[in-house]
Each structure stands twice: as structure tokens, then as C-alpha cells.
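The values are calculated or read from the model by the stated rules, or taken from the named source; none is laboratory data. None of these values were measured; they are calculated from a predicted model. All Cβ positions, even for glycine, are placed from backbone atoms using ideal geometry, and neighbour counts span all protein chains on display. Ligands, DNA and RNA are stripped out before the accessible areas are found, and what is left, the full protein with its side chains, is counted by its heavy atoms. Shrake-Rupley method; radii C 1.70, N 1.55, O 1.52, S 1.80 Å.
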Amino acid sequence: MRVGFGYDAHRLVAGRPLILGGVEIPYHLGLSGHSDADVLTHALGDALLGAVAAGDLGRHFPDTDPTYRGISSLVLLARIVAVVHSQGYKPVNIDVTVVAEKPKLAPHIPRMIEKIAPILGLDPGAVSIKATSTEGMGFAGREEGIAAYAVVLVARESPPLPFPQELG
């Protein structure tokens, strides 16, 4: 088994939709970025890549490549899961925390889980998404941006080899 950790943050700006966990959240500001700027999915992707020592999001999907302009981060997540599988691993469970002063995210978390769990090949009970605020402190507290932290556990896909009888 291996553990991966991810972090991402993006600035809040006018004129963009707010996408978190693949869900469009009604809000007057959105996140600035080359793709859909979904910090939750980006942190999760980085955690998965880190767990299998496969670099980071920027290495796989550079913001200098026009192919990824405006792309759904759920599409990127599916590609990352393919990388994890190619390394012989599969996700076991995830835990993500989104840091945002506003908007309130709790009502949207079940939909986020519904979108992310199938991509990871996980039961929804293995997908934990939480939200917190910083009570006015820092860039998130000043409502300048949103951040996300993610941790994942991955395990080898193939079953362990049987114990050799001769070692009995």
C-alpha cells in the first residue's frame, strides 16, 4: 500500500463558474485557471500521482498546452486513475478537505461524491469530502481564493502471490 498527498489553490475571480468536485456551485465568483480550476479534483489528482511516484498534475497536463484549456478536471482525474492503474495500483480510499470561507459547500458534497467515486472505482463510502473555513484568516478567509488538501491510499491491484508450500 502507498499513501499520496495533494494540495491545490486557485484565486477567486468574476466571470468564471465555480467548479468543485466536478459540480458547478452557484456563486458569483469562480476559480481562475487554465482548466476548469477545480481545486478539489486537482489536489486529489496530485495525491494519486504522488502515491505512485508519477509526478504531478503540471507534468501530465501543463498549463502551456492548449489541449487542456477549459477541460473538465473530471476528465483529467480519469486519466490520472489510468496512470495509477498502469503502475499496478488502485485507489482504496480518499479524504479531501476544501478550505473556503464562502460559499457553503456542505449541500453540494453528496453530488461531488457521486461524480468522483465512479471515476476512482470506489464505493461512495470510501470517498470522504469535507469543507472548512479559516474564520477570516489568510487568502481563503479573505475570500481571495479556495484551497484543497487530499490524501489517498492506493494498493496493488493484483492479489498477493500464494505462500510457497515448500516454505510451509
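Observations, loosely collected:
- Of all the listed residues (P103, P26, P91), the sole one being in contact (Cβ under 8 Å) with a residue 60 or more places away in the chain and within 15 Å of V3 (Cα to Cα) is P91.
- Scanning the range 93-124 for residues that are closer than 17 Å to A47 by Cα and open to solvent by 50 Å² or more (accessible area, probe 1.4 Å) gives N93, D95, G121.
- Unique residue being touching a residue at least 60 places away in the same chain (Cβ under 8 Å) and not in a strand (DSSP E or B) when the list is L44, L77: L44
- Count of the range 114-162 residues, restricted to those that are touching a helix residue (DSSP H, G or I) at 6+ places or on another chain (Cβ under 7 Å), under 20 Å from G22 (Cβ atoms) and assigned to a strand (DSSP E or B), is 11.
- Qualifying residue in the range 61-69 (condition: of a type in the set (D, E), open to solvent by 10 Å² or more (accessible area, probe 1.4 Å), assigned to a loop (DSSP other than H, G, I, E, B) and over 17 Å from V127 (Cβ atoms)): yes
- Screening G58, G22, G70, G88 for residues that are of a type outside the set (K, R), modelled with pLDDT under 95 and on the phi > 0 side of the Ramachandran plot leaves exactly one candidate, G70.
- Residue within the range 148-161 that is of a type in the set (S, T, Y) and closer than 19 Å to D38 by Cβ present: yes
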